[in-house]
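The structure under discussion appears below in the form of structure tokens.
The values are calculated or read from the model by the stated rules, or taken from the named source; none is laboratory data. Computed from a predicted structure; not experimentally measured. Here the Cβ is made from the backbone with ideal geometry for all residues, glycine too, and neighbour counts use every protein chain on show.
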Amino acid sequence: MWTAFAACALCVVFGAVLALGQAVAARHRAGGAADLAALAAADRALWGEADACAIAVRVAAAQGAAVVRCRVGEDIADVTARVTSGPWTPEVRSRAGPPGPTGLPAALPGLTGPEVPPPGPEPELDPPGPGVHPPVRSGDPSPVRGSIPPVRSGDPSPVRGSIPPVRSGDPSPVRGSISPVRSGDPSPIR
């Protein structure tokens, strides 16, 4: 008797977990569709609200969602998308627009970074110790002594000797034979 009760309880818990998973998956699908539709509408915001919302509807439909609400004001797109999955129909609202603190105060208290000193002359460095090269600064003369002539096309190669080109069909430049190594053979490396 108690085994039948335990089996029924496990089935109820299993069904609840499946329903919760389906609800979460539907919510995520609606969120993704709303985000993509809002980005597409914000991309077309300068073309007008009708064109921006039309592209938002197309993008949401490609994600298996329906646009419930679409508004484009200035350069901010506000889209609400709905996905139907089983008994669940979550609606998710998403906003997209240009990067930056649109609508936020100029400075948020407590969110300022460290003071950055204004650019000025570079500080003088201590002379380097023996065997240490001084740092190279922009505007310093080149540390390379002598002259290095530029290489021009048509100049003879700086490589001495002649290296003939390898053509297909030429005999191998490797002399001798190469035999495969078999397991159990002594190592050829001495």
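Going through the stretch 11-27 one residue at a time, which ones are closer than 29 Å to Val59 by Cβ, of a type outside the set (A, V, I, L, M) and surrounded by fewer than 13 Cβ atoms within 10 Å (Cβ to Cβ)?
Within the stretch 11-27, just Gly21 meets the criteria.
Would you point out the residue of the stretch 63-82, among those that are assigned to a loop (DSSP other than H, G, I, E, B) and within 28 Å of the chain's Cα centre (by Cα), that is modelled with the lowest pLDDT?
Out of the qualifying residues, it is Asp75.
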